[in-house]
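K.L.:
Encoded as structure tokens, here's the structure I'll be asking about.
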Amino acid sequence: MPPILQLTDLKKSFKAPDGESQLVIDVPEFHLEAGAQVALAGRSGSGKTTFLNLIAGLLTPDSGRLEVCGRELSSLSESERDVMRAKDVGYVFQTFNLLGAYSALENVALGMLFGAGGDLDFARELLVEVGLEDRLQYRPHELSSGQRQRVAVARALASRPALVLADEPTGSLDTQHAAAALALLRAACERHSAALLLVSHDPEILLAFDRRLDLDEINRAAEGAPQ
């Protein structure tokens with residue numbers, strides 16, 4: 001089977017405060033197979049979040065080829081990238097990005113709207129799966145950090161994506177809860193046959209993965225960058 005994610009010569013630059021163009025991402029090759037689970041490390045400021053946002057179609061690369069589920073993102077319009085992301089990619093953000101005016105159940109259901117459409121029964125099933133069957137109608141401010149993280153995991157799986165991206169998903173949790181949240185995220189991805197690419201700076205989180213990569217080692221832009 002072809003990889004879920006495949007990129008070649010991916011480059012992304014941003015303007016520095018002095019107006020000079022600063023190359024942040026320059027990855028010659030990267031791929032992820034269906035169902036794989038990979039942890040991505042990297043020093044602070046190395047471009048890990050930028051790398052995930054490029055894969056999700058939230059940012060557009062300066063050059064290179066990026067395929068998600070066999071579709072080359074540069075050939076898609078912005079609206080088509082939105083649909084692709086909603087259908088094929090789940091994203092667990094570092095700050096969770098839950099909508100404060102909506103319940104846990106509504107937050108998960110809203111994650112389906114741009115994909116296959118709303119399915120309250122499946123949204124409820126996902127929240128039960130992550131242990132929130134008694135918190136369906138709670139709003140984010142009524143939930144603990146760990147519970148909000150669980151809602152974010154359920155929402156990321158709501159559209160039955162082939163790929164889940166997770167950006168420091170345990171960063172706001174203590175060690176015990178971080179380990180439990182990671183186990184839950186990985187098990188949920190496995191049950192739903194979703195590949196997982198997770199960014200973390202936590203050595204204990206990284207060691208939980210059999211396959212680990214350091215962005216500095218695959219990113220040519222890191223050569224000569226301050227450590």
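K.L.:
Below 8 Å, C-alpha to C-alpha, sequence gap of six or more: please give me the relative contact order for the chain in percent.
P.N.:
29
K.L.:
If we count other beta carbons within 10 Å of each Cβ, what is the order of 78, 125, fewest first?
P.N.:
The fewest-first ordering by Cβ neighbours comes to 78, 125.
K.L.:
If amide H atoms are built 1.01 Å from N in the plane of the peptide, which residues on other chains or at least 5 residues away come under 5 Å of the amide H of residue 62?
P.N.:
Residues meeting the amide H criterion: 11, 12, 13.
K.L.:
Another one. Let me check against my output: what whole-number percent is the relative contact order of region 80-155, with C-alpha pairs under 8 Å and at least 6 apart?
P.N.:
41
K.L.:
Another one. For an R0 of 41 angstrom, estimate the FRET efficiency from the Cβ-Cβ distance between residue 65 and residue 141 and round to the nearest 0.05.
P.N.:
0.45
K.L.:
Which residue, 77, 46, 200, tops the fluctuation ranking in a GNM of the chain built on C-alpha contacts under 10 Å?
P.N.:
Top of the fluctuation ranking is 77.
K.L.:
Which Cα, out of 130, 5, 99, lies furthest along the positive dipole direction of region 5-222 (beta carbon charges, K/R +1, D/E -1)?
P.N.:
Comparing the listed Cα positions along the dipole, 99 ranks first.
K.L.:
Right, another one. Starting from the exponent 0.38 and prefactor 2.2 Å, build the expected Rg for region 5-222 from its residue count and divide its actual Cα Rg by it.
P.N.:
For region 5-222, the normalised Cα radius of gyration comes out at 1.00.
K.L.:
OK, next. What order do you get for 223, 33 when you list them from fewest to most C-beta neighbours inside 10 Å?
P.N.:
223, 33
K.L.:
Something else about it: How do 205, 25 rank when sorted from fewest to most other Cβ atoms within 10 Å of their own Cβ?
P.N.:
Neighbour counts put them in this order, fewest first: 205, 25.
K.L.:
Tell me which residues come under 5 Å, amide H to amide H, from residue 90 once H is placed; ignore anything under 5 positions away on its chain.
P.N.:
It is 163, 164, 165, by chain and number.
Computed from the coordinates by the stated procedures, all read-outs in this text should not be read as laboratory data. Only a predicted model underlies this, so the values are computations on that prediction, with no experimental measurement involved. Note that each Cβ is placed from the backbone with ideal geometry, even for glycine, and that neighbours are counted across all protein chains shown.
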